[in-house]
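Have a look at the structure below before the remarks.
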Amino acid sequence: MQKFEKWQGCGNDFIIINSVQNEKIDTAEKIKKLCNRHFGIGADGVIYVLPSEVAAARMRIFNADGTEAEMCGNGIRCFTKYLIGENPGTFEVETGAGILTVENKKNFVTVDMGEPILDAAKIPVTFDKDKVIAEPLQVDGETFKITCVSMGNPHCVIFVDDLSKINLEQLGKKFEHNKIFPRRTNTEFVEVLSRNELKMRVWERGSGITLACGTGTCATVVAANLNGLAEKSATVHLDGGDLQIDWDKDNRVYMTGAAEKVFTGIF
Ligand code: ZDP
């Protein structure tokens, strides 16, 4: 019998498993089953809490399809409050995207998400330019202007006039598996409401449509600023809630948002 806790950040939900003692990671098949909303607990992903030699703790995140991701923004806020509850404090977390600093406040967590990666080869995206900013890509017979950013994990950001006209189910999958993304991609469709207010919907690599993606929200504000559409600080409205993003003068991106425990259980 394995204890777990169910958490959510802006409706992006995770099963958190404490593997500090046994360092156990379930198989991809088991993770898929756990995330299945009919035959399992139901979640966008599974997060394991592990010991670390270089930080207070280590976080590993697996998507609903059982594949591992380098980083997760909504997940690391849940991870923070899972570890220290409502006690204010700052500590470091070892992730697949490096060691990141989290600051826990009442009801909110601010995460130093690090510097955005724009170098195409490092995102990775296969393109005949060093950076992919407002470049054309044909998908499903239509040409989209894409901007690619990594926050440790790959993101493809597309600005649209009307989000309600986007068939995310159909397009998201096509972008995820497009041949220019050797490690697949998360895809964000964004409507600009003002220079510091954006609306975004996301198709996540390995999880499909989710109500929010934290790393995707960071990539969205970076892309919006690079396209001259927004300031470096903005509030982003997601299907599951709002996040505040600040791309600071030290070139680091800070994400602030809530995280909440939903229930605990055993499986
Ligand atoms: O990069 C990926 O495969 C993502 N699907 C990982 C999960 C990202 C997350 N939604 C976030 O908030 O950044 C947890």
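Relative to its Kirkwood radius, the Cα radius of gyration of region 63-109 gives an Rg/Rh of 1.01.
Each Lys and Arg contributes +1 and each Asp and Glu -1, all at the Cβ; summed about the Cα centre of the chain, the dipole is approximately 500 debye. In the chain, the alpha-carbon atoms span a convex hull of 125 Å³ per residue. Each pair of Cα atoms in region 19-108 enters the Kirkwood radius, and Stokes-Einstein at 37 °C and 0.692 mPa s then converts it into a translational diffusion coefficient of 240 µm²/s. As a fraction of the 1.4 Å probe accessible area of the chain, surface on carbon and sulfur atoms comes out at 49 percent.
Listed values for region 106-114 are Karplus-derived 3J(HN,Hα) couplings in whole Hz (6.51 cos²θ - 1.76 cosθ + 1.60, θ = phi - 60°), namely 4, 6, 10, 10, 10, 10, 7, 7, x, and x replaces Gly and Pro.
Normalising by residue count, region 90-173 has a Cα convex hull of 142 Å³ per residue.
Of the peptides 171-177, 8-14, the ranking by mean beta-carbon count within 10 Å, highest at the top, reads 8-14, 171-177. For Lys105 and Gln138, the FRET efficiency from 1/(1 + (r/R0)^6), where r spans their Cβ atoms and R0 equals 51 Å, is about 0.70. Counting only lysines at least 8 places from Lys232 when in the same chain, those with an alpha carbon closer than 23 Å to its own are Lys105, Lys122, Lys131, Lys145, Lys199, Lys249.
Ordering Ile17, Gly240, Ser194 by the projection of their Cα atoms onto the charge dipole of the chain, which places +1 on the Cβ of Lys and Arg and -1 on the Cβ of Asp and Glu, puts Ile17 at the extreme positive end.
From most to least packed by mean Cβ count within 10 Å, the peptides 220-230, 128-138 give 220-230, 128-138. A dipole drawn for region 60-157 from +1 and -1 charges on Cβ atoms has a positive end, and of Asn104, Ile117, Pro136 the residue lying farthest that way is Asn104. Built from the Cα atoms of region 27-79, the convex hull projects on average onto 3.8 nm², one quarter of its surface area. Region 174-267 gives an Rg/Rh value of 1.02, both radii derived from C-alpha positions and Rh following Kirkwood.
Computed over region 12-161, the quotient of the alpha carbon radius of gyration and 2.2 N^0.38 Å is 1.18.
The values are calculated or read from the model by the stated rules, or taken from the named source; none is laboratory data. Just so it is clear, the structure is predicted and the values come from calculations on it, not from any experiment. Every residue, glycine as well, gets a Cβ built from its backbone with ideal geometry; the counts of neighbours run over all protein chains shown. Side chains are part of the model used for accessible areas, which takes the heavy atoms of the whole protein and leaves out ligands, DNA and RNA. Shrake-Rupley method; radii C 1.70, N 1.55, O 1.52, S 1.80 Å.
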